[in-house]
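Engineer: Structure in structure tokens, see below.
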Amino acid sequence: MSDLFAWQHDLARKLQRPRRRDPALHVYRNTVLKGTIDALADNYPTVVMLLGDAMFTTLARAFAARRPPGSPVLAHYGAGFDRWLGRHPVAADLPYLSDVARIDRLHTESHLAADAECLDPASLAEMSADQWSRCRAQLHPATRFDWFALPAPDIWIAHRHPDLAELAPDWQPQGILLTRPTGGVEPLTIDAGLHRILMALKAGLSVGAAALQAAELHPDCCITDAFRILISSGAVATLTPEFEP
């Protein structure tokens, strides 16, 4: 163990339980804790909206005490906060809170992801149906998606983008797709068929195999519309032609 690492380890230990004769450490610890809580609020703004500042601060302090930041880059802080909320008693009154926190996290990941060009829909015009079917799609680095048992996507969008949705969701399972086609992260609710297509493409299946899987599992899904939404949303970065399954 290097001298620097040993000093840092000892300081971290003292900050967790500072002694009364070290008032400077108490001040420093409180400053660090406030910075951690502020970072968590910045990374989970929709959760703050649902809970209010006072309740969120109480929960964030408890979370930070158990899971302090592991990196000085606080923009990434909060991994696992959604699962932690799901186990907290507050989830009894707000069963969708954990899912909303999950979407907040996906939004942060999408925002911080690497830049890349989105697939130009015009590039598909010269492809035959067979060529398109055999392509493998590479999702854009900023593409994030998930599926939820409750309408957390509608709730999240209604709070973050009130111009796109009203807070009157149908209480049915729902998915969300987050993309970043023009610099800002854009949310889109998706059905089970499109979610299955995204899962299949992420796993490396060809376009045709993904379409077949979605059609078999969700026969009500319009595969053509699903791929149209997928491409126009900016979720795909590139296509690799002549993919052999």
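The values are calculated or read from the model by the stated rules, or taken from the named source; none is laboratory data. Keep in mind it's a predicted model, so treat the numbers as computed, not measured. Cβ sites come from the backbone with ideal geometry, for glycine too, and all protein chains shown count toward neighbours.
Engineer: So for the stretch 139-150 (the condition being among the aromatic types (Phe, Trp, Tyr), in contact (Cβ under 8 Å) with a residue 24 or more places away in the chain and in contact with a His (Cβ under 8 Å, 6 or more places away or on another chain)), does at least one residue qualify?
Structural biologist: Residues of the stretch 139-150 among the aromatic types (Phe, Trp, Tyr): 145, 147-148.
Okay, now just the ones that are also in contact (Cβ under 8 Å) with a residue 24 or more places away in the chain, so 145, 147-148.
Add one more test, that the residue is in contact with a His (Cβ under 8 Å, 6 or more places away or on another chain), and what stays is 145, 147.
Yes.
Engineer: Output yes when any residue across the stretch 73-85 is more than 26 Å from Pro173 (Cα to Cα), in contact with a Ser or Thr (Cβ under 6 Å, 6 or more places away or on another chain) and surrounded by 18 or more Cβ atoms within 10 Å (Cβ to Cβ), and no when none is.
Structural biologist: The answer is no; no qualifying residue exists.
Engineer: Only one residue in His111, His159 is more than 21 Å from Arg196 (Cα to Cα) and either out of contact with any Ser or Thr (no Cβ under 7 Å at 6 or more places or on another chain) or exposed (fewer than 15 other Cβ atoms within 10 Å of the Cβ) (or both), so which one is that? Give the derivation first.
Structural biologist: Numbers: His159 fails: either out of contact with any Ser or Thr (no Cβ under 7 Å at 6 or more places or on another chain) or exposed (fewer than 15 other Cβ atoms within 10 Å of the Cβ) (or both).
Selected residue: His111, the only one of His111, His159 that is more than 21 Å from Arg196 (Cα to Cα) and either out of contact with any Ser or Thr (no Cβ under 7 Å at 6 or more places or on another chain) or exposed (fewer than 15 other Cβ atoms within 10 Å of the Cβ) (or both).
Engineer: Restricting attention to the stretch 157-176, which residues are touching a strand residue (DSSP E or B) at 6+ places or on another chain (Cβ under 8 Å) and under 28 Å from Leu205 (Cβ atoms)?
Structural biologist: Listed by number, the residues that qualify are Pro173, Gln174, Gly175, Ile176.
Engineer: Also, I was wondering about something else. Test of understanding: among Leu50, Leu59, which residue is farther than 21 Å from Ile157 by Cα, among the aliphatic types (A, V, I, L, M) and touching a His at 6+ places or on another chain (Cβ under 8 Å)?
Structural biologist: On the way: Leu50 fails: farther than 21 Å from Ile157 by Cα.
Matching residue, one of Leu50, Leu59: Leu59.
Engineer: Quick one: what pairs do we get from the stretch 176-202, first residue closer than 23 Å to Cys135 by Cα and outside the structural domain of Thr143 (by TED's automatic domain parsing), second acidic (Asp, Glu) and assigned to a strand (DSSP E or B), C-beta under 9 Å, 6+ apart or different chains?
Structural biologist: Listed by first residue and then by second, the contacts come to nothing, as the list is empty.
Engineer: Checking Leu164 against (1) of a type in the set (A, V, I, L, M); (2) surrounded by fewer than 20 Cβ atoms within 10 Å (Cβ to Cβ); (3) under 15 Å from Arg228 (Cα atoms), which single condition isn't satisfied?
Structural biologist: Among (1) of a type in the set (A, V, I, L, M); (2) surrounded by fewer than 20 Cβ atoms within 10 Å (Cβ to Cβ); (3) under 15 Å from Arg228 (Cα atoms), Leu164 violates only (3).
Engineer: Output the number of residues of the stretch 196-243 satisfying the condition of being in a helix (DSSP H, G or I), surrounded by 14 or more Cβ atoms within 10 Å (Cβ to Cβ) and out of contact with any His (no Cβ under 8 Å at 6 or more places or on another chain).
Structural biologist: Going through the stretch 196-243, the residues in a helix (DSSP H, G or I) turn out to be 196-202, 207-217, 223-232.
Retained after the next criterion (residues that are surrounded by 14 or more Cβ atoms within 10 Å (Cβ to Cβ)): 196-202, 207-215, 223, 226-227, 229-232.
Next cut, out of contact with any His (no Cβ under 8 Å at 6 or more places or on another chain) only: 197-202, 207-215, 223, 226-227, 229-232.
Matching residues across the stretch 196-243 total 22.
Engineer: Going by the conditions given, is Pro95 assigned to a loop (DSSP other than H, G, I, E, B) and within 24 Å of Asp146 (Cα to Cα)?
Structural biologist: So Pro95 passes the test.
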